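Colleague: Below is the structure I would like to discuss, written out as structure tokens.
Read the figures in this text as sums done on the coordinates, not as results from a lab. What you are looking at is a predicted structure, and each value in this text was computed from that prediction instead of being measured. Methodologically, a virtual Cβ is constructed for each residue, glycine included, from the backbone with ideal geometry; neighbour enumeration extends over all protein chains shown.
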Amino acid sequence: MKIEQYKIDQHNDSLLSRHNNQFIFLKEQLGEQGINANDIIKELEAFQVAIPSWALGTGGTRFGRFSGGGEPRSLEEKVEDVGLLHALNRSSGSISLHIPWDIPQQAESIISLASSLDLKFDAVNSNTFQDQKDQQLSYKFGSLSHVDASVRKQAVEHNIEVIKYGKDLGSKALSIWLSDGSCFPGQSNFVRAFQNTLESLQEIYAALPADWKVFVEYKAYEPNFYSTVIQDWGSSLLFCQKLGPKADVLVDLGHHLPNANIEQIVATLMMEGRLAGFHFNDSKYGDDDLTVGSIRPYMLFLIFVELVEGMKRAGNGSESYAWMIDASHNVKDPLEDLLQSVEAILISYAQALLVDRKKLEQARIQNDVVSAQQILQNAFRTDVRPLVRESLRLSGGSLDPIGLFRNLKVRNELMNERGKVTVATGL
């Protein structure tokens, strides 16, 4: 299914009068504060969030998975689904593939399909956290850190194979999340596990093309609950520093211990120039993989406050980082959930762009804690949705992506095309 531009335009026409009233009112309010709304809109238009290939089907829990209708049965159908999202919000212009769940057998045809939908391929993701069919050696007790050199070799070769697929598609980065660790004291030698992992990563790093990056992701726990080899941002940064300048740290919002100050982590990584980008999601307890901004929107805003400051300090824009959603849709339509997540990201970005940096710095110098808090909260409490909608409209997207998705009965159309009982590949 493809959404024609005229349908988006017609839908926008029906909403335009109300939108213009809201947008003009907010624009005038911001102007009185010395804020140019058009500058913020330009930043929002340039911001693109990659959609992971595994997020286009219904997720699951340890207890079961309830597949939805019309789920994508192939990589081609996953690309088409991302095309639907991008047509609606014009902010989802890239796909992040997971290998071997989504192997591009015919790279040229996949690239052609993606190009027809104005999409490109973001970082490719390897998988050594589970055994695949016909896999010779098991990752039950680790992969890149395994005590058996043969298992480590197999895991290294898989990552190098993923790089090959990425090169064929025009990707420029390999993303590695390692589940290696231990469940019980005494099970693993911490130092040997680290050293084995470093040696494995060095082999993978040596295979990177000259213009590529490797993103090293960390996670505090799960599936191993006593220790994880790359358990926090410090260990990930340490690996990256030992690997070289083509290695940076990838931050997943759910991969932290409870109440971690993620915004401080972000600020530190940006200060060191080692932030690769983000896996966006939200959580109540742990790595819940919930819709972005659904639980802790203020934390997401504070993270973007640091991101905006870090980008200004470095003199670069949002295109210099890898932004991706990493969520599991257990009870929602995956496409609607992704539309909600992208909107939440754009809202937080817009709010962070409202922060008066000069006044904030002055308040800090004067130790005026009350003013500093008010400056941030005033920006957070501003309803910036008219700015987000205007950026979508100017980019050719819908003023109300979810509303149009439902008006066009997109899910029903997908079920008619693919079937009422389908299971997304790879999950």
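Colleague: Rank-order 51-59, 32-40, 271-279 by packing density, defined as the average count of other C-beta atoms within 10 Å over each peptide's residues, highest first.
Modeller: Packing proxy ranking, top to bottom: 51-59, 271-279, 32-40.
Colleague: Still on this structure, I have one more. Let's test the formula: R0 of 45 Å, r as the Cβ-Cβ distance of Asp148 and Lys420. What FRET efficiency results, to the nearest 0.05?
Modeller: Efficiency, from the Cβ-Cβ distance: 0.50.
Colleague: Here's something else I'd like to know. Taking amide H positions as placed 1.01 Å from N in the peptide plane, with prolines and chain starts having none, which residues 5 or more places from Asn125, or on another chain, fall under 5 Å of its amide H?
Modeller: Amide H neighbours of Asn125: Leu97, His98, Ile99, Ser175.
Colleague: Okay, next question. Straight-line reach from Lys358: which lysines fall under 21 Å, measuring Cα to Cα and dropping same-chain residues less than 8 apart?
Modeller: Answer for Lys358, where 21 Å is the Cα cut-off: Lys27, Lys312, listed by chain and number.
Colleague: By average Cβ neighbour count within 10 Å, what is the ranking of 131-143, 301-313 from highest down?
Modeller: Result, highest mean Cβ count within 10 Å first: 301-313, 131-143.
Colleague: Follow-up. Taking amide H atoms as placed 1.01 Å from N in the peptide plane, list the residues 5 or more away in sequence, or in a different chain, whose amide H sits under 5 Å from that of Lys213.
Modeller: When sequence neighbours closer than 5 places are left aside, the close amide H contacts are Ala173, Leu174.
Colleague: Counting only C-alpha contacts under 8 Å and six or more residues apart, can you give the relative contact order of the stretch 291-427 as a whole percent?
Modeller: About 26 percent, as a whole number.
Colleague: Additional query: What value, in deg cm²/dmol to 500, does the helix sum -39500 (n - 2.57) over DSSP H runs of n ≥ 4 give at 222 nm once divided by the residues of the chain?
Modeller: That calculation yields -15500 deg cm²/dmol at 222 nm.
Colleague: I'd like to compare 83-96, 163-176: which one has the highest average count of other Cβ atoms within 10 Å, and what's the full order after that?
Modeller: Packing proxy ranking, top to bottom: 83-96, 163-176.
Colleague: Simple spin-label model, 7 Å along Cα-to-Cβ: Ala207 to Ser67 in nm?
Modeller: Between Ala207 and Ser67, the simple spin-label model gives 3.1 nm.
Colleague: Which of Thr291, Asn407, Phe225 sits closest to the plus end of the dipole of the chain, meaning its Cα is farthest towards the positive end, when Lys and Arg get +1 and Asp and Glu get -1 on the C-beta?
Modeller: Phe225
Colleague: In what sequence do Thr268, Thr422, Thr61 fall when counting other Cβ within 10 Å, fewest first?
Modeller: In increasing order of surrounding Cβ atoms, one gets Thr61, Thr268, Thr422.
Colleague: Go ahead and set up a Gaussian network model of the chain, Cα springs under 10 Å, then flag whichever of Asn127, Asn281, Asn21 fluctuates most.
Modeller: So, out of Asn127, Asn281, Asn21, the one fluctuating most is Asn21.
Colleague: Further question on the same structure: Could you tell me what percent of the DSSP beta bridges with both partners in the chain are antiparallel, to the nearest 5?
Modeller: Antiparallel: roughly 15 percent of the beta bridges in the chain.
Colleague: Within 13 Å, Cβ to Cβ, of Ala260, how many net charges do the neighbouring residues add up to if Lys/Arg are +1 and Asp/Glu are -1?
Modeller: Taking every other residue near Ala260 into account, the sum is -2.
Colleague: While we're looking at this one, here's another question. Once semi-axes √(5λ) of the Cα gyration tensor in Å is worked out from the coordinates, which option in [x] 46, 26, 20; [y] 35, 29, 18; [z] 52, 26, 18 does it equal?
Modeller: Derived directly from the coordinates: [y].
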